[in-house]
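Trainee: Attaching a single structure in structure tokens format; questions to follow.
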Amino acid sequence: MNNRTFTEKYYIERKDTASIKWARGRQMGCLPMWIADMDFRCDDRIIAHLNDFIAYGDYGYANLPEDYYDTVIAWHKKRNSVAYRQEWFRSSKGAVDAMYQVIHSFTKENDPIMINTPLYPPFRDTILKTKRKVVESKLIDTDGYFTFDYADIETKFKEKKVKLLMLCSPHNPVGRVWKKGELEELFALCKKYRVLICCDEVHSDIIMPDQTFYPALSFKEYQDRIISIIAASKSFSLAVFSHSHIVIASEKLRNRLIAYQQLHHTGGINVANSLPTYYAYRYGEEWMDALNNVVFENYHYVKDHLGPYLNMTPLEGSYLLFLDLGNYSDQESASQCLIDHCKILTNPGEAFAKRYSSWVRVNLATSLDNVRKAVDAILNYIEKTEK
Ligand SMILES: Cc1ncc(COP(=O)(O)O)c(C=O)c1O
């Protein structure tokens, strides 16, 4: 399926739906390119199966489809060469809920937890709300290409006695798909300093064609300290169903999570919320590949047109582009500048780390037409500023 066919078939008008993204855009008179969901609906077959479930009307207590886990496992095996096992899986009401569960299960109050910033804000919020301590290791920014600062990480592991690393892979907002060697070096440090790793991999299906994604649990040597959070919610825009998995190979670690879940009566399987994931993994492969191509084209469009003026992350994974307005911003916050002058709503860079206020995060999971409108508005603004 080429990009035009995909867009014609799957782009959905969300102006009058319950979409938070578009409601806020409407309220502010802006084209919404913030929040991480897509302006595309799922593959027809996924929707048809969900329709059948709703239409048949049996909403009593239910089992998951018999091959639910086989289907999830096969998807990840085929796409990312990782061999999960059914007994490793636990459920949660979304990825942020999973982060809370992990922090509660594996750390106690005041324990130091590391994050690599700039970073999707709920990582920090979750640590603070659970009364743990944030240990921040800044990513090294080389002209918009972000990498780990291993020396800083090691010093902080040692001096702050970090208990848990909350990793984002692929990384939101810097768009990195960490290389195998980068993860190996990081995990070796975690092993040396006995740091557990919680790896949020919810963007792992949106991988640009020239990249390879390495799931944390594919590193066998480090499996005994890894807790992965995976979901189909970003891949297929299923956020409304609030469903994700916490995957743990180590029986010892898994039992700690299970004990927490039992104590708090949480982590139960919600069949209705699991079905979209099941159908997405069964029928969504062609759709997923097409979506990736659309995001890649959108990214190249932005890069080709704005690249001569603005610094931006080379997008390796996710559909979220981190873009620096630099001196073109006439406001403290570049995001406000884009609202005022271009009528585009993005996520402010300072939400990911205070020092990134000249940056914005732009959601590219939309039509090329919308991307063109945004690019034109920014180019107009740049032209006016330069006069
Ligand atoms: C890295 C990352 N983790 C978690 C989430 C939120 O996931 P959920 O809605 O399942 O809590 C997002 C949403 O943008 C995200 O980008």
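The values are calculated or read from the model by the stated rules, or taken from the named source; none is laboratory data. Please read these numbers as outputs of a predicted model, since none were measured by experiment. Note that we place each Cβ from the backbone using ideal geometry, even for glycine, and neighbour counts take in every protein chain shown. What goes into the accessible areas is simple: the full protein's heavy atoms, side chains included, and nothing from ligands, DNA or RNA. Shrake-Rupley method; radii C 1.70, N 1.55, O 1.52, S 1.80 Å.
Trainee: What whole-number value in Å² describes the accessible area per residue of the chain for a 1.4 Å probe? Let's see the in-between values first.
Mentor: Details: 17210 Å² over 387 residues.
For the chain, the solvent-accessible area averages 44 Å² per residue.
Trainee: Find, among the GluC sites (Glu not before Pro) in segment 112-204, those assigned to loop by DSSP (not H, G, I, E, B) with at most 12 other beta-carbon atoms within 10 angstrom.
Mentor: Numbers: sites: GLU136, GLU154, GLU159, GLU182, GLU184, GLU185, GLU201; in loops: GLU201.
Within segment 112-204, no GluC sites (Glu not before Pro) qualify (loop, at most 12 other Cβ atoms within 10 Å).
Trainee: Apply the Karplus curve 6.51 cos²θ - 1.76 cosθ + 1.60, θ = phi - 60°, to the phi angles in segment 313-326 and return the couplings in whole Hz, x for Gly and Pro.
Mentor: Result, rounded to whole Hz: 6, x, 6, 9, x, 6, 10, 10, 9, 9, 10, 9, 7, x.
Trainee: PRE reach from ASP304 (point 7 Å along Cα→Cβ): which of segment 257-292 fall under 18 Å by backbone N?
Mentor: 292
Trainee: Measure off, as a whole percent, the carbon and sulfur share of the 1.4 Å-probe accessible area of segment 63-283, all protein chains present.
Mentor: On the way: 4320 of 9160 Å².
Answer for segment 63-283 is 47 percent, counting heavy atoms of protein chains only.
Trainee: Over its Cα atoms, what ratio of radius of gyration to 2.2 N^0.38 Å does the chain give? It would help to have the intermediate numbers written out before the result.
Mentor: Values: Rg = 20.8 Å, N = 387, 2.2 N^0.38 = 21.2 Å.
The chain yields a ratio of 0.98.
Trainee: Please give, to one decimal in nm, the separation of the simple spin-label points placed at THR130 and GLU383, each 7 Å out from Cα toward the Cβ.
Mentor: Reported label-point gap for THR130 and GLU383 is 5.1 nm.
Trainee: If packing is taken as the average count of other Cβ atoms within 10 Å, what order do 51-60, 306-315, 266-275 fall into, highest mean first? Don't skip to the answer; put the middle values down first.
Mentor: Values: 51-60: 9.1, 306-315: 17.8, 266-275: 16.2.
Peptide ranking by packing, descending: 306-315, 266-275, 51-60.
Trainee: For a quick check: with amide H placed at 1.01 Å from N, whose amide H comes under 5 Å from ILE344's, ignoring anything fewer than 5 positions away on the same chain?
Mentor: The list, which skips near neighbours in sequence, is LEU31, ILE339.
Trainee: Full extension from MET1 to VAL240: what is 0.36 nm times the residue separation minus their Cα-Cα distance, to one decimal in nm? Can you show the working numbers first?
Mentor: Details: separation 239, 0.36 × 239 = 86.04 nm, distance 2.65 nm.
Full-extension gain reported as 83.4 nm.
Trainee: If you find the alpha carbon centre of segment 61-133 and of segment 5-50, how far apart are they in angstrom?
Mentor: So the separation of the two Cα centres works out to 26 Å.
Trainee: Taking amide H positions as placed in the peptide plane 1.01 Å from N, state which residues far from MET114 in sequence (5 or more) or on other chains have amide H under 5 Å from it.
Mentor: Hits under the 5 Å cutoff: VAL135, LYS163, LEU164, LEU165, MET166.
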